[in-house]
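See below for the structure under consideration.
The values are calculated or read from the model by the stated rules, or taken from the named source; none is laboratory data. All figures in this text were calculated on a predicted structure; none of them were measured in a lab. Using ideal geometry, Cβ is built from the backbone for each residue, glycine included, and neighbour counts are taken over all protein chains shown. Quick note on the areas: whole protein, heavy atoms, side chains included, nothing else; ligands and nucleic acids left out. Shrake-Rupley method; radii C 1.70, N 1.55, O 1.52, S 1.80 Å.
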Amino acid sequence: MIDVRPSQQMRDLGVVQHGAGILTEPARAFDLPAEGDEAERITDELFAAMERVGQVHPFAKGMGIAAPQIGIGRAVAVVQPPGDVPAITLLNPRITTCSEEMDEQHEGCLSFFDVRGLVPRPLKITVETTALTGKAVTTVYDRGLARLIHHEIDHLAGLLYTARMRAGVEPIPVEEYRQTGRAWAYEQ
């Protein structure tokens, strides 16, 4: 049996991998409601990708995927929080405020799934998104969900989590990470 690296498995599922230019370019916002049909079509593609990934890798702590990760340079991401709760669609998301209180946890990314990195992020963020109708919607997220949402919004800005890591801290192989016993904290 051939051992397939996690990043190769993600590539096989249609997830764009580290090194592709689209991952470092800012995504283009939607003009809503005029581009509502396009936004819905791309959102459906993101949900389909998340379903494919979820079938081969369990995400007990939640997961997300941004349009650039499936090769589409538009400003939409979807996030599936942990537990039996509805997914969150982020259209044209923008972080408007961040708490000064920070937390540092390991993060993974579908676009380079062979490693995990220790990333500091605010414990609370306020996010403004755009509804399909064009109306602005503001939501506050905290703790693990704030981390997950922030990670996906970074993708839409062309940033990978490695850009947020402290100087001198490097990602570790996923095998080494599994031995740390650390995981994202989603508890309130």
Self-check item: Filtered residues of the range 136-160 (kept if part of a helix (DSSP H, G or I) and either over 15 Å from CYS109 (Cβ atoms) or hydrophobic (A, V, I, L, M, F, W, C) (or both))
Solution: ARG143, GLY144, LEU145, ALA146, LEU148, ILE149, ILE153, LEU156
Self-check item: Conditions (1) within 16 Å of GLN80 (Cβ to Cβ); (2) of a type in the set (Ser, Thr, Tyr); (3) not in a strand (DSSP E or B): number failed by THR133
Solution: (1)
Quiz item: Among the residues of the range 1-43, how many are part of a helix (DSSP H, G or I), over 15 Å from ASP114 (Cβ atoms) and open to solvent by 100 Å² or more (accessible area, probe 1.4 Å)?
Solution: 2
Quiz item: Among the residues of the range 91-101, is any in contact with a His (Cβ under 9 Å, 6 or more places away or on another chain), surrounded by fewer than 22 Cβ atoms within 10 Å (Cβ to Cβ), not in a helix (DSSP H, G or I) and not acidic (Asp, Glu)?
Solution: yes
Quiz item: Quick one: which of ALA163, ALA167 is more than 13 Å from the chain's Cα centre (by Cα), in a helix (DSSP H, G or I) and not β-branched (Val, Ile, Thr)?
Solution: ALA163
Quiz item: Among the residues of the range 44-76, which ones are of a type in the set (Gly, Ala, Ser), crowded, with 17+ Cβ neighbours inside 10 Å and part of a helix (DSSP H, G or I)?
Solution: ALA49, ALA67
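Yes/no per residue for (1) of a type in the set (A, V, I, L, M); (2) touching an Asp or Glu at 6+ places or on another chain (Cβ under 8 Å):
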site: GLN80; (1), (2): no, no
site: VAL85; (1), (2): yes, no
site: PHE112; (1), (2): no, no
site: THR129; (1), (2): no, no
site: GLY144; (1), (2): no, yes
site: HIS151; (1), (2): no, yes
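Looking at THR96, THR89 in this structure, which one is farther than 22 Å from ILE65 by Cβ, touching a residue at least 40 places away in the same chain (Cβ under 8 Å) and not basic (Lys, Arg)? Steps first, answer last, please.
Numbers: THR89 fails: farther than 22 Å from ILE65 by Cβ.
It is THR96.
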